[in-house]
Amino acid sequence: MANIREVAKLANVSIATVSRVLNGSDRVSEETRKRVLNAVKKLNYKPAFSFKEGTGRLLRTIGVLMPDIRGYHYSDIVMAIEEYAYTKQFDIMLALPKWEVDIEEHILDQYFRRKVDGIILGELFGGQKLIEKFTKSGVPVVVIDFRVDEIDFDVVNVDNVTGGYSAIKYLYDNGHRNILFIPGPEVSPAALDREKGIRKFVEKLPNRSEVNIYYGEHRGYNSEHGWVSVTQHLKKYGLNFTAIFAVNDWAALGAIDALKDHGIKVPDEVSIIGFDDAPFAQYTSPRLTTVMQPRWEMGVTAAQLLISRILDKKARLPRNVILPTKLIERESVKKIR
């Protein structure tokens, strides 16, 4: 197995320079960094591993960071990552920062210190700066559900803009012109893209004034956010909408409960559409119309990209994979015109 001296010799640099590159230091020119990383790849040099089997065989490890695994979205993605990684003899190390930027930073620092072979990140609320040392030191990175301005690493996203567009268009095509939208967290790129899809559809209408989009005042992905948004809106403005678009199915579930609490029937008086196609969506009453996003495919695709990047010594451009959504028609939307 190659050692750090061989890497330094091949790259024509000092051992200290190799160490600085592998530790993500800024005190290295870009030309030198590339030369060192090329030598690392060519010699298949591995500086350290944190995990070993009882036989002493070194295991490859992927660090996985997701905001949380409550519900179904991120848990499905993690299960897909783990299943694919297992078939390729990779372990995963899962951490849950629970939407806290300082915890994200701490976890990523631990992953870096433990020399994981690569990392898969869910929505990264601390921004791209948190992963600069990984990319600078040649550790492969794949991000999921994270909008980036410059593609410096592999990215797997769902087309949330088109998903939001198709949801609002479906309500419009069924005659709804006064629609309450329950928005997601402002820190969530996926939620903001769904809002962008709404605006994109409205802007294309010949007469924009014929459609009124009311925004709920309580942002979030949980059922209580849907319940509070509907309850507050009814208290302030009364029933001035015929349909609801919820940022996800949990928020839709809370909205349905709020409508029932006010004696409003779904879909006879108010239609509702969600987003995600959660496992419970086909068992609600009425069964929930929603926009399906392919969670399992997201996890598998991310794992494939990362493991390919780890095993393949050839440099290639970063990939930006955008998976399509699909409208799932059930019983919660009624045609009114």
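The values are calculated or read from the model by the stated rules, or taken from the named source; none is laboratory data. What you see is a predicted model, and the numbers here were worked out from it, not measured in a lab. Ideal geometry is used to build each Cβ from the backbone, glycine not excepted, and the neighbour counts take in all protein chains shown. SASA here: full protein model, heavy atoms, side chains in, ligands and nucleic acids out. Shrake-Rupley method; radii C 1.70, N 1.55, O 1.52, S 1.80 Å.
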Exercise for the section: Please enumerate the residues belonging to the stretch 24-57 that are modelled with pLDDT of 70 or more and open to solvent by 70 Å² or more (accessible area, probe 1.4 Å). Expected result: 27, 30, 31, 34, 35, 38, 41, 42
Exercise for the section: Go through 155, 161 for me and flag whichever is touching a residue at least 24 places away in the same chain (Cβ under 8 Å) and over 19 Å from residue 221 (Cβ atoms). Expected result: 155
Practice task
Provide a single number: the residues in the stretch 203-240 that are assigned to a helix (DSSP H, G or I) and among the small types (Gly, Ala, Ser).
Solution key: 4
Practice task
Using the structure shown, decide if residue 218 is more than 30 Å from residue 116 (Cβ to Cβ), touching a helix residue (DSSP H, G or I) at 6+ places or on another chain (Cβ under 8 Å) and surrounded by fewer than 17 Cβ atoms within 10 Å (Cβ to Cβ).
Solution key: no
Problem - Counted residues, the stretch 280-296 - those being open to solvent by 50 Å² or more (accessible area, probe 1.4 Å), at pLDDT below 95, of a type outside the set (S, T, N, Q) and in contact with a helix residue (DSSP H, G or I) (Cβ under 9 Å, 6 or more places away or on another chain) - result: 1
Problem - Whichever residue in the stretch 4-15 is open to solvent by 50 Å² or more (accessible area, probe 1.4 Å) and of a type in the set (A, V, I, L, M) and, among such residues, is nearest to residue 112 (Cα to Cα) - result: 15
Exercise for the section: Check off (1) buried (at least 22 other Cβ atoms within 10 Å of the Cβ); (2) in contact with a Ser or Thr (Cβ under 9 Å, 6 or more places away or on another chain) for residue 321 and give me the number that stays unchecked. Expected result: (1)
Problem - Residues located in the stretch 225-253, provided they are in contact with a helix residue (DSSP H, G or I) (Cβ under 6 Å, 6 or more places away or on another chain) and surrounded by fewer than 24 Cβ atoms within 10 Å (Cβ to Cβ) - result: 227, 231, 253
Handout entry: Filter result (small (Gly, Ala, Ser) and surrounded by fewer than 20 Cβ atoms within 10 Å (Cβ to Cβ)) within the stretch 196-212
Key = 209
Practice task
Answer yes if at least one residue in the stretch 179-202 is over 21 Å from the mean Cα position of the chain (by Cα), at negative phi and of a type in the set (Gly, Ala, Ser), and no otherwise.
Solution key: no
Exercise for the section: Please go through the stretch 60-104 and pick out each residue that is in contact (Cβ under 8 Å) with a residue 60 or more places away in the chain, open to solvent by less than 70 Å² (accessible area, probe 1.4 Å) and among the aliphatic types (A, V, I, L, M). Expected result: 62, 77, 78, 80, 81, 85
